[in-house]
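Comments concern the structure below.
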Amino acid sequence: MTTRIAGTDGPGAAAAGRRLRPGCAVVSRLALPLGVAAALGIAVSSAAAQPAAEETRAAAREAARTAPDAPETYRAVLDRYCVACHNERTLTGNLALDNVDIAHVGDAAEVWEKVLEKLRTRAMPPPRRPRPEDETYDRFAGWLETELDGAAAVRPNPGRPTIHRLNRLEYANAVRDLLGLSVDVDTMLPADDLAYGFDNNADILTIAPGMLERYLSAARRIGRLAVGDSAIEPDVVRYPVSSLLVQRDRMSEEMPFGSRGGAAVTHHFPLDGEYVVRLTLLGNGGRREPQEIDVRVDGVRAALLRAGNGAGGGATRGMPTGDGSLAVRVPVRAGTHVVSVSFLKRTAVTEGVAPDRLPVWTFSTGRGYVEPMALESVGIEGPYRPEPADRAGSAGRGAGETASRERIFTCRPDGPRDEAACADEILAVLARRAFRRPATGDDLDVLRYFYGEGRRAGGFEGGIQRAIESLLVDPEFLFRIERDPEDAAPGSPYRLSDVELASRLSFFLWSSIPDDELLAVAEAGRLRDPAVLERQVQRMLADERSRVLVDSFTAQWLHLRRMRTVTPDVQAFPAFDDNLREALVRETELFVESQMREDRSVVELLTADYTFVNERLARHYGMPGVYGSRFRRVPLGDGARRGLLGHGSILTVTSLATRTSPVVRGKWVLENILGTPPPPPPPDVPDLPEREAGEAQRSLRARLEAHRANPVCSACHARMDPLGFALEHFDAVGKWRTAEGGVPIDASGALPDGTTFDGLPGLRDVLLARQDEFVTTVAEKLLTYALGRGIEHYDRPALRAIVRDAAADGYRWSSLVLGVARSLPFQMRRAES
């Protein structure tokens, strides 16, 4: 079958126009074989509305496809510019092009995908070697892309992901949506490793023998918390506060106005009863200012304590303890609540006697200085004196009517005769949600067995609790299992069932299980309908749970999670504290969330003329007129800091402890913006020489240029370093500067193809000229995250289709997300060979 590009020629173009539903943002452009296309329900779109860059590429593809003697023409190009290095004798870059058949690119698709990437990015030939004309690059890439896409359409390969264990985030979110209970799984389960940049990769999400006991322990604890087991013994949970957090201002929106310092923690109280809130305070050798401490539960004051010298009647008022901490006992209803502890904000000492703010690393200021009180930790102990509960019948007073109990107990037995029927109803609902499919008789038989075992020991609710514990360690819950159809030929592609597609979709957009609406649509067999799928995607993106795309996907793509562990040198950056650390991350999270919520073009990530700051971050950026801890959207007047590359979080995680690193920053841009990561450095590469004693001031740029003179280093650094140099006006914590060590900053750069630029504004123009590479990178990251596996060469045609179709809608976020959901590797799977 001949592959046509929709909207170019032939009757398929008119048919595509008739099939395109108004408002459809993302549809497939490949003319797949009729059987595959019908199975996927994929429509075809017109290229008329694509941006100029995509129109140029489409024209190049069509011109190259119809060019006479195309294979012979491009074989000559390879022989002239490539084969001297990339042959079977030298195998430079592990790539040989001298004997590969260019007339049948589908037979060596992996090789030709590598060639296509080099052509699109102009990465080859290397610097100072003869290069083809730009038109030759475009025509060769267009022809090769068309041939590869055509071969993939004839022989689709959706890949075969490994059985996928839920990672910690997915496990916590699944428990939340299944049982209405938020749990801190970080204390229950080990951290997940990363692969391809994300922690949801199925290849590394296995279960070692020692992990099984951790899951069993987590299931027991979660079951007791969800049901509200009145036999729960008092527990102690400690929430530490970083010593690098400056507590001079209102810390968050959960704190009362007029407060400073402290912390707000979310804690689950399993039973109605009394709990002890224990506070550990920081001071200077016991010389603490008198201070009132406000303890609140869900914003309602639970206690007002006094501490410090002059508090009256001793050091504290409340429950002073032998270890110097301060404790108060408060009654709390069962459920999840926010406990906040803060200090009354006031002037600590007479103006002028002590500095308003000391660097965070200054731990002592002498005997005459009275240090403002700060919070070191919050501990919550209990429950004590829980209200009695009737475990044999309906909800007891001790358990309370928590969100988890309301979700679990969909019925209440009136007596022993009703318990079996009510238990069946509860267990059927829970099994359907937990297993992400209709529950079978075998599923219910297993749960009934554990229910009976628990009922004998703890009554009706004890039985339900025991069944929940077994549910949480069932492989059908812990793993995302996709079964091959019985009639699937070995190695053949097949379409996922609707319920399997629903599970993929919910873990992609929510990192959690499907909700009742999505599962009902899937059970009815309607999710494969493109229009229904689009409505569900739009609904799920509008749901608050889709914020996980910021918290998980964006945080890992942009390396924001590394901000937790970066440690700028205290001598070089004495003003860096945890307040700034948190503000830098929050800025980027709010920025990306606003882009997604407003459904902007992903290209605006590079160009947006606004950001989000609070007073601490505004002071760091040199922005006047911003006060308070609340983040607000502010315009960026000039182009010096526009877009993601001006965010302090990105600039900090790509720096070293004592200085910036143009190499690390350039590598980050190549990997996460342009999608062309450099190869690992060869062994025994010399380190960048530091300044020698007595040497005149020499800029970092000069030292890197000397380093790059080494031919071994030049090939990769010629691409990386110029990108990093463009960001040199920002120091290692993202603060603007004009000089380094007394030497004026030179932020100019030149790429191997001769493109020159100066500073972030110039780099931004270069990236915009190559915006299709950036959009492809975003789409590749999304597809990697959605599939839970790395992208292989056979996924590239589907990836190109996602990007081409998103161009018709201006590369909006919803277009890319919907394109991923409609793509062949997301909707199909390869049977086991």
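List the lysines whose Cα sits under 21 Å from the Cα of LYS118, skipping any in the same chain fewer than 8 residues away.
Hits, sequence-local ones excluded: LYS667, LYS781.
With a point put 7 Å past each Cα toward its Cβ, work out how far VAL743 is from ALA769 in nm, to one decimal.
2.8 nm
What distance in nm separates the simple spin-label points at ARG160 and THR206, each placed 7 Å from Cα in the Cβ direction?
A separation of 1.7 nm, rounded to one decimal place.
How many angstrom lie between the C-alpha centres of segment 252-280 and segment 453-475?
32 Å
Measuring from centroid to centroid over Cα atoms, what is the spacing of segment 616-657 and segment 129-184 in Å?
32 Å
Report the residues of segment 160-193 in range of a label on THR410: point 7 Å along Cα→C-beta, backbone N strictly under 16 Å from it.
In segment 160-193, the label zone of THR410 (backbone N under 16 Å from the point 7 Å along Cα→Cβ) covers 177-180.
Given labels modelled 7 Å from the Cα in the Cβ direction, how far is it in nm from ASP424 to LEU78?
Distance between the two pseudo-spin positions: 6.7 nm.
By the gyration tensor of its Cα atoms, with a ≥ b ≥ c the square roots of the eigenvalues, what is the shape of segment 482-583: rounded for a/c under 1.5, prolate for a/b over b/c, or oblate?
prolate
Which length gain, in nm to one decimal place, applies between ASP484 and ASP543 when the Cα-Cα distance is subtracted from 0.36 nm times their residue separation?
That works out to 18.1 nm of additional length.
Which FRET efficiency value, to the nearest 0.05, do you get for GLU453 and ARG214 by plugging their Cβ-Cβ distance into 1/(1 + (r/R0)^6) with R0 = 22 Å?
FRET efficiency, GLU453 to ARG214: 0.50.
Which of the aspartates and glutamates could be linked to LYS345 by a straight reach, that is with a Cα gap under 19 Å, when you skip same-chain ones fewer than 8 residues away?
Counting by Cα, and skipping residues close in sequence, LYS345 has these aspartates and glutamates nearby: ASP249, GLU253, GLU254, GLU289, GLU292, ASP294, ASP356, GLU371, GLU376, GLU615.
As an exercise, identify the trypsin sites (Lys or Arg not before Pro) in segment 173-259 lying in DSSP coil whose Cβ has no more than 11 other Cβ atoms within 10 Å.
Counting only loop positions with at most 11 other Cβ atoms within 10 Å, none of the trypsin sites (Lys or Arg not before Pro) in segment 173-259 qualifies.
Rule-based calculations on the coordinates, nothing more; no lab input. All values reported here derive from a predicted model rather than from experimental measurement. So basically every Cβ, Gly included, is an ideal-geometry build from the backbone, and we count neighbours across all protein chains shown.
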